[in-house]
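The values are calculated or read from the model by the stated rules, or taken from the named source; none is laboratory data. The structure displayed is predicted, hence computed values, not measured ones. Every residue, glycine among them, receives a Cβ derived from its backbone with ideal geometry; neighbour counts consider all protein chains shown. For the accessible areas, the whole protein counts, side chains as well, though only heavy atoms, and no ligand, DNA or RNA atoms are used. Shrake-Rupley method; radii C 1.70, N 1.55, O 1.52, S 1.80 Å.
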Amino acid sequence: MKTLKRAAINSSAQHVFDVLRTVSDAAEPPGVSDIGRRLGLTGSTVFRALTTLEASGYVSRFRNLPRFELGTMPYLLNRALLNRFEINLASRPFLRELAQETGETVSLNARLGWYSLRLSGVYGSRDIYHRDRLGELGFLHHALPGRAILAFLTDADLAGMAGFLADRASEWPGDAAWTEMRERLKGAENTGFLAEPLTMSPGFCAIGMPVRDETGAAIASITINGPVFPSGKIGGLLAVRDRLEALILADPQRFISPFAHLPPERILLKVPRRKAVP
Amino acid sequence: MDQINHAVLENREQNKAMARILTVLSSFASDRPEFGISELSQHLGMTKNMVYRAIKTLVEQDYVMRDPTGQRFQLGFRVLELQNVTSPEPTFRTLCAPAMQQIHELTGETVSLTVRALDYSVFIDGIETRKPGVWRLQIGALRPLHANSTGHVFLAFAGDGAVTDYVARHGNEAASAGEAMDAAAMVQDIAIIRQRGYATSVRAGMLPMVSLAFPIWDAEHNLHGVISVGGPKGRFEPALDGLLPRIIGIVETLCQRTRLYSANAAGSEITL
């Protein structure tokens with residue numbers, strides 16, 4: 001099984017980044033000794049790293065306790081990265097139109113290598129709504145937004161992704177589950193969208209619509225996370241998506257991902273654990 | 001003893017080097033997509049060699065990467081790992097707080113943060129001066145948009161026709177409440193604000209006050225809110241020429257960050 005491997009840097013910088021990642025990954029805001037235990041570092045090394053990170057806004061004290069959580073800076077960096085995808089801001093009017101039409105949360109996810117990245121979300125008018133976190137990452141096969149992209153990739157891409165996952169045994173859903181998922185996604189080629197049941201709203205589905213480039217491959221997807229299907233509205237919703245695709249076709253260079261120059265297997269990210277295929 | 005001193009000095013140097021690496025990474029938290037080494041060096045006041053070494057470390061960690069031309073640097077995908085679902089995202093207030101503190105420390109005067117609520121401006125945060133002659137901050141207080149320069153900033157950047165529509169909606173109502181609205185003067189003031197990019201105003205009275213009001217921009221050329229700073233005319237006005245460029249610099253740096261978020265009609269992305 002391959003693991004993430006990056007070049008060595010000097011130990012002081014490495015400790016600071018390790019401490020930052022530990023704070024970022026923690027289920028509860030950790031203290032100096034928690035971090036030290038986890039990383040095998042002395043209390044003074046961890047304390048020095050936290051002081052440097054706090055001064056730069058990367059971590060902050062949790063409720064004035066000797067515990068730490070992420071500061072403002074990592075979130076700003078995240079936002080800056082999301083805004084680098086031209087489709088993010090360009091899609092907003094279309095997402096708003098869909099949110100207004102359905103009253104539900106509408107999200108835009110982009111393809112990033114073999115991952116799906118939530119770039120944008122617009123909330124509808126309903127009191128009870130689906131709150132999506134921007135910057136959320138998952139493998140393409142993990143959830144509806146990614147699967148709506150996966151359904152519109154080439155066979156060669158799908159084979160590439162299968163190889164990537166197979167190299168990381170814990171991520172591979174298994175031959176049978178992968179084949180079953182591919183069969184299920186084939187239906188989307190005819191309808192132009194995916195509908196998946198909502199566990200909290202029996203009888204209703206959320207829908208995922210691919211956003212395709214001039215080659216027909218999905219570069220992103222729009223997801224409507226509410227009881228919108230079956231509703232008879234689907235034709236109107238797809239028409240909004242079609243207008244976004246027309247905007248992309250008119251100027252395809254503008255909408256190329258900022259990471260398109262990297263081979264997908266070069267993009268290695270740690271994603272939260274979740275059930276691979278429903 | 002020499003060994004101990006050497007270790008202390010080495011630690012201090014390592015901490016400084018690490019702080020520089022984080023400062024270089026923080027430069028990418030803006031609406032500018034990419035930087036060259038020289039630009040960063042100029043922007044941060046570091047030597048090119050320092051910037052290059054910091055960038056090298058950040059590239060090794062995938063937090064920064066070369067752009068497709070190979071000449072410039074952009075954010076790397078690995079910053080996406082730095083998020084925690086249990087941590088709160090920054091709010092508009094927390095984003096603005098450091099800039100408000102800087103403006104307060106620079107001027108010594110009262111600084112306030114305001115957002116628009118329909119046809120009113122609402123104070124949501126502020127720092128009062130400790131000097132005599134305080135411009136009182138009332139968090140939650142509503143002011144009609146025509147009543148002060150902060151409101152004029154909201155109208156100035158609300159699009160063509162916003163002022164005409166506002167006067168049509170509220171002209172009679174304001175007059176009857178004893179707050180005469182001089183529509184022509186307001187239009188003139190708004191034209192100046194649009195041209196200058198911020199508002200200045202003098203309020204007459206027993207203690208004449210001078211204030212500045214700056215728009216805080218979002219990702220889609222809309223306003224999140226307005227930051228104002230003001231104080232007694234006799235005290236604040238003489239210092240303004242020297243202070244203004246520095247206040248503008250602080251606000252521009254803040255806007256590089258607030259421009260990462262949208263404040264749209266369907267609900268601001270960012271919590272107040």
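Things worth noting here:
- Selection count, the range B:73-95, where residues are more than 10 Å from chain A (Cβ to nearest Cβ) and modelled with pLDDT under 95: 2
- Screening A:Ala80 on (1) touching a residue at least 12 places away in the same chain (Cβ under 8 Å); (2) part of a helix (DSSP H, G or I); (3) at the interface with another protein chain (Cβ under 10 Å from one of its Cβ atoms) shows it passes everything except condition (1).
Residues are listed down the side, and each one gets a yes or a no for (1) surrounded by 13 or more Cβ atoms within 10 Å (Cβ to Cβ); (2) among the aliphatic types (A, V, I, L, M); (3) at pLDDT 90 or above:
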residue	(1), (2), (3)
A:Lys5	no, no, no
A:His15	yes, no, yes
A:Pro29	yes, no, yes
A:Ile35	yes, yes, yes
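- Failed item in (1) surrounded by 22 or more Cβ atoms within 10 Å (Cβ to Cβ); (2) within 9 Å of another protein chain (Cβ to nearest Cβ), with A:Leu89 passing the rest: (1)
- Test result for A:Phe62, among the aromatic types (Phe, Trp, Tyr), within 12 Å of chain B (Cβ to nearest Cβ) and free of Cβ contacts under 8 Å to residues at least 60 places away in the same chain: yes
- Check on A:Arg266, open to solvent by 30 Å² or more (accessible area, probe 1.4 Å), at pLDDT 90 or above and more than 19 Å from A:Pro93 (Cα to Cα): yes
- All positions within the range A:65-77 that are surrounded by fewer than 21 Cβ atoms within 10 Å (Cβ to Cβ) and more than 7 Å from chain B (Cβ to nearest Cβ): A:Leu65, A:Pro66, A:Arg67
- Test set (1) part of a helix (DSSP H, G or I); (2) among the small types (Gly, Ala, Ser); (3) open to solvent by 20 Å² or more (accessible area, probe 1.4 Å) - A:Gly57 fails condition number: (1)
- When restricted to residues that are more than 14 Å from chain A (Cβ to nearest Cβ) and open to solvent by 70 Å² or more (accessible area, probe 1.4 Å), the range B:22-36 contains 0.
- Boolean, B:Thr150 is in a helix (DSSP H, G or I), of a type in the set (Ser, Thr, Tyr), at pLDDT 85 or above and under 20 Å from B:Ala97 (Cα atoms): yes
- Qualifying residue in the range A:93-114 (condition: within 14 Å of chain B (Cβ to nearest Cβ) and closer than 28 Å to B:Ala97 by Cα): no
- Single unsatisfied condition, B:His221 versus (1) at negative phi; (2) open to solvent by 70 Å² or more (accessible area, probe 1.4 Å): (1)
- Taken over the range B:227-243, the criterion of being touching a Lys or Arg at 6+ places or on another chain (Cβ under 8 Å) and open to solvent by less than 10 Å² (accessible area, probe 1.4 Å) is satisfied by B:Gly231 alone.
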